[in-house]
Every structure is written in structure tokens, then in C-alpha cells.
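Novice: Take this structure first; my questions come after.
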Amino acid sequence: MERPLLKHIRNHEALFLEIARLRDLAIEQLGLGNYEFSKTPKFISETGERFTIEPERSIILPDYHLFKGLKHALTERVPGLTIVEHSDCGYRYPTAALAGLDAPFIKRLRSEYFHRVDEDRSICRPVNLSYGIKSRGKADNRLEYEVWVPESQLEADPMPLLVEKYGEDLPHEVRHFAQQKPMIYGWMGVKRAAFEALYRNPAVMGDLVICIGLSVDAYNIGARPDLSFSPTVDSSIAASNAEFEWEVMGYYAPDDAHYTHDELWAAINHSLEAIGEPISELYADDIMPIMESKTERILSTVYGQGITTDEIRELNLRPQEFLQTSSERRVKPQDPNRKVNFLGRLNRLFYQPEHQLPAIESLHDLIAHSR
């Protein structure tokens, strides 16, 4: 199957522009040529505060193979859902938890993972780094604030970037939390097969068309914060599962239409439930009862190995260290003459033979399979 967007995997600007073009084309093919796209609106509280919300839901299954035929299931079971043709894209996400379970918010470092041109294929390096702060949990519409961070500024305070992006909409408690020094608590490696769809239900939402980003993630979670071998699980990887997410990316409406805040958010929440109910029913026998976000799953997995917060703080791992093939200050316990290769450990999170994550294209083939 042709997937033209995969060639843009290294170029965000080209990728997002092409996705927008394909979305617009899909809208025209639905006979809605006078419609315009808008991003997900801010959520305004009863006190007038403006919040950046992530309208997203997900289910977690033990293994990614269980999502075979997912696309056909969606179109069969969700009336009004149209898959955006050729919107298949993908990502390799190393994700680190940067604050503990006792923190008021989730703090994460996410990046993408690529080989350098002409470099040994066994080495990937994080690029397109971002800091994200989110509300805890995964079931509700969570606060989400995220900024891209230059590699040279990983140790710098991200506050100026957050203020530049969100301005006065940045909540005070998020501002304060962002200024705390990031420290690595643990890692997750994610392979993501993503695509987009349009959802219509005129009886409930009138002329609105909600744009949904959908993705299947296969992931591994490291057993220890430094991704070293854990005798408890006889591996450096402690958990391997899969997740299907659906998130509202924005909406289309007639160019002369105006919708209130409450109308838009009612349509957003209805769209999430329109997908959630039939999909949860389809996979009811396999859904894992996990109410943690990905970042919280990293933390609970690491703590589940008997590692304490004091031990994590004593390690004092910094994000910058995982960009290095040879640590500046850490050596292997069994051989003090050898420096720790954190980048190599990050690679094993994706490519360890016993837990190797699938290729993005094979994930797409799986979910596009006829049921």
C-alpha cells in the first residue's frame, strides 16, 4: 500500500503541510468545499481561565498484534467516520519521565529517533526534542503544554519557551512546575503508526466536522532509570504493551458559521465517545485496566522494580546524558575502565532482539488488514 507521508518522517513542516492538504481534499470529497479548518479551541473555565486541553482517549492492550484490522473496525462500527486517504505517517518516540509520582503534573521529555545519514544503522539519535507538562491520568480532557527544545538547551529552563508559546494562558502552577530541574526517572520507547479521520454526525453536531488523529503505539518500558539490566526481569525492559489513541486535532465548519465555546466542546466530547464506545466494546476482553498516562506507566514500572525515589535522585540522570555514546562521568560497575553508553541503551529500548518493536510500515499493514 502506498504511504507517501512516510518519506517526510524527518521533516515536520513538510509532513504537517501535507497532512493539512490531504484533510482539505477529504473535506472537498465529502462535498464540503466551503468549509474551513480551525484548531482545537481553548477550554474556558467557569472563572474565565483559558486552558490548553488535550481532548484524547485511549485503550491499552497486551500486544500490538491484537489491533489487526483496526481501520476496518473503525469504519464499520463508527457511523460518520471517514479515514483521510494517504494520511498514514509514523514516529519513533523515546519518552522520558522527568518527575515522580508525587509531582502535581506529568513532566516528560519526548524526542524522535533517527539514524544519521551514512552512520551505522545500529545507532539512532534523538532529535526534535520537546518538553511536555500534562495533567495526571489519561481518561479525561487533560491540560497539555509542550514546547520544542534545541538540543543545546536541554539543561536550560524551558519557561521562556512556554511563556512565548502560551503567554498569559499558561497557568501559574504549570509555570512554577516547569522551572524545576528535569531529572530522568525512566524511559519508554514507542513506535507509532498514525493516521487521520473526519467525523460527522449532523443530528448531534450540526454542520461541524471533527478532525481526529488516531494512532497505534507499540511500546517498551525500561526496567531502570538508566536503562541498565535488571535481574528482577532478566532484561533491561520490564513491560511491552500497545495502545490505541484517538485525539481531536481540530474541526471544520462552514466559513460563515459561528459556534459557541460550549457547542464546540460538546461536539468534541461527543466525537471522542462516538469512537470510544464501539471500540471499547470490540476489545472488551483484551483491554488492560490501566488508568495511567504513558509517563505514569514509566514511573509505576520503574517503582515496581523496587527502585526508590531516593535511588533515582542519587543517580541524578540528566536528559543530555542520553545523547552520548560515552558518558562523561559514569562508568560500568563491573568494569570501571569503560564509560556507560546511554545512547546505546536507548537503542536497545527499541531494537533489543527479544523485545524489538515493529517497523512503522508493518504496524500500518497490520491495522489496515481486512478483518
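Novice: Can you pull out the residues in region 122-180 that are in contact (Cβ under 8 Å) with a residue 60 or more places away in the chain, farther than 26 Å from GLU247 by Cα and surrounded by 13 or more Cβ atoms within 10 Å (Cβ to Cβ)?
Specialist: ILE123, CYS124, ARG125, GLU151, LEU154
Novice: Filter region 269-286 for residues that are within 19 Å of the chain's Cα centre (by Cα) and of a type in the set (A, V, I, L, M, F, W, C) and give the result.
Specialist: Listed by number, the residues that qualify are LEU272, ILE275.
Novice: Continuing with this model, one more query. Residues LEU70, LEU32: which one is surrounded by 16 or more Cβ atoms within 10 Å (Cβ to Cβ), closer than 25 Å to ILE287 by Cα, hydrophobic (A, V, I, L, M, F, W, C) and out of contact with any strand residue (DSSP E or B) (no Cβ under 6 Å at 6 or more places or on another chain)?
Specialist: Only one candidate qualifies: LEU70.
Novice: Additional query: Could you please find all residues in region 340-371 being buried (at least 20 other Cβ atoms within 10 Å of the Cβ), part of a helix (DSSP H, G or I) and touching an Asp or Glu at 6+ places or on another chain (Cβ under 8 Å)?
Specialist: Residues satisfying the conditions are PHE342, HIS364.
Novice: For region 227-257, give me each residue that is more than 30 Å from ILE268 (Cβ to Cβ), of a type outside the set (Gly, Ala, Ser) and either crowded, with 22+ Cβ neighbours inside 10 Å or touching a helix residue (DSSP H, G or I) at 6+ places or on another chain (Cβ under 6 Å) (or both).
Specialist: LEU227, ILE237
Novice: Given (1) farther than 30 Å from TRP148 by Cβ; (2) assigned to a helix (DSSP H, G or I), identify the lone condition not met by THR82.
Specialist: Among (1) farther than 30 Å from TRP148 by Cβ; (2) assigned to a helix (DSSP H, G or I), the lone unmet condition for THR82 is (2).
Novice: Could you grab me the full set of residues in region 298-353 that are of a type in the set (Asp, Glu) and within 24 Å of the chain's Cα centre (by Cα)?
Specialist: GLU321
Novice: So in region 1-29, with the set limited to residues that are of a type in the set (A, V, I, L, M, F, W, C) and in a loop (DSSP other than H, G, I, E, B), which one is nearest to the chain's Cα centre (by Cα)?
Specialist: Among them, the one singled out is ILE9.
Novice: Further question on the same structure: Might you let me know whether region 284-295 holds any residue that is in a helix (DSSP H, G or I), within 30 Å of LEU143 (Cβ to Cβ) and of a type outside the set (Ser, Thr, Tyr)?
Specialist: There is at least one residue in region 284-295 that is in a helix (DSSP H, G or I), within 30 Å of LEU143 (Cβ to Cβ) and of a type outside the set (Ser, Thr, Tyr).
Novice: Let me ask something else. Return the only residue of THR82, THR75 being of a type outside the set (Asp, Glu) and free of Cβ contacts under 8 Å to residues at least 60 places away in the same chain.
Specialist: THR75
Novice: Which of the residues spanning region 205-221 are of a type in the set (Asp, Glu) and either assigned to a loop (DSSP other than H, G, I, E, B) or surrounded by fewer than 24 Cβ atoms within 10 Å (Cβ to Cβ) (or both)?
Specialist: Scanning region 205-221 gives a single hit, ASP207.
Novice: Hey, among the residues in region 35-57 that are within 30 Å of ARG136 (Cα to Cα) and of a type in the set (Ser, Thr, Tyr), which one's farthest from the chain's Cα centre (by Cα)?
Specialist: Result: THR47.
Novice: Okay, next question. If LEU32 satisfies every condition in (1) among the aliphatic types (A, V, I, L, M); (2) assigned to a loop (DSSP other than H, G, I, E, B); (3) under 20 Å from the mean Cα position of the chain (by Cα) but one, which is the exception?
Specialist: (3)
Values quoted throughout were computed directly from the atomic coordinates according to the rules given, and no laboratory measurement underlies them. Remember, predicted model here, so these are calculated numbers, not experimental data. Using ideal geometry, Cβ is built from the backbone for each residue, glycine included, and neighbour counts are taken over all protein chains shown.
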